[in-house]
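Q: Pasting in a structure now, in structure tokens, and then I'll have a few things to ask.
None of the figures in this text is laboratory data; all of them are computed from the coordinates on show. Small disclaimer: the values here were computed from a predicted structure and weren't measured. Here Cβ is always computed from backbone atoms with ideal geometry, including for glycine, and neighbour counts include all displayed protein chains.
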Amino acid sequence: MAVPRSGPRSLAGVPRPAGGPAAILDEGAPWAQRTEHGWSLTIRVQPGASRAGVAGPMGDALKVRVSAPANEGKANAELVRFLARQLGVPARDVEIVSGHQARTKVVAVRHQSVGL
């Protein structure tokens, strides 16, 4: 007999964020830090997923699935669009600062109105 679960869970057994700005921009989370100009996010990207979405915490990063393949910057572009949409900011305010060719990336969200 299967044990009912209270909600989706990450591999580590930590509850997944439900989505939206509050789940991504959690000051208590190791992946999100406020900066002078907005936020710095550590994101672990899973390219080639069947659909885009926040998968949940993965170590000190937030795992995000994108459907675009990891070639020619397609996954990076989709990640920027996805985060902008989830956070309600223009895509021009979301920038991959490091990790352009890695799965773990540091993303800057430069927008003063983004927050909890």
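Q: Between Asp60 and Thr35, what is 0.36 nm times their sequence separation minus the Cα-Cα distance? Round to one decimal in nm. Before the final figure, lay out each step's value.
A: Numbers: separation 25, 0.36 × 25 = 9.00 nm, distance 1.73 nm.
Stretched fully, the Asp60-Thr35 segment lengthens by 7.3 nm.
Q: Right, next: Tell me, what ³J(HN,Hα) does each residue in segment 90-99 have, in order and in whole Hz, if you take phi through Karplus 6.51 cos²θ - 1.76 cosθ + 1.60 with θ = phi - 60° and put x for Gly and Pro?
A: Calculated HN-Hα couplings, in order: x, 4, 5, 8, 10, 9, 7, 8, 8, x Hz.
Q: If we count every other residue with Cβ under 12 angstrom of Gly48's Cβ, Lys/Arg +1 and Asp/Glu -1, where does the sum land? Provide the component values of the computation, followed by the final result.
A: Details: positive: Arg51, Arg65, Lys74, Arg103; negative: Glu78.
Here the charged neighbours net out to +3.
Q: OK, next. How much net charge surrounds Ala75 when only the other residues with a Cβ under 13 Å from the Cβ of Ala75 are counted, with Lys and Arg +1 and Asp and Glu -1? Intermediate values should be presented prior to the final figure.
A: Details: positive: Arg44, Arg65, Lys74, Arg81, Arg103, Lys105; negative: Glu72, Glu78.
In short, +4.
Q: Once the other residues with Cβ under 13 Å from the Cβ of Pro30 are scored (Lys, Arg +1; Asp, Glu -1), what is the net sum?
A: Local charge sum for Pro30: -1.
Q: Whole-Hz Karplus ³J(HN,Hα) for segment 65-79, in order, using 6.51 cos²θ - 1.76 cosθ + 1.60 and θ = phi - 60°, x for Gly and Pro?
A: Computed from phi, the couplings for segment 65-79 are 9, 10, 7, 5, x, 8, 9, 6, x, 5, 5, 4, 4, 5, 4 Hz.
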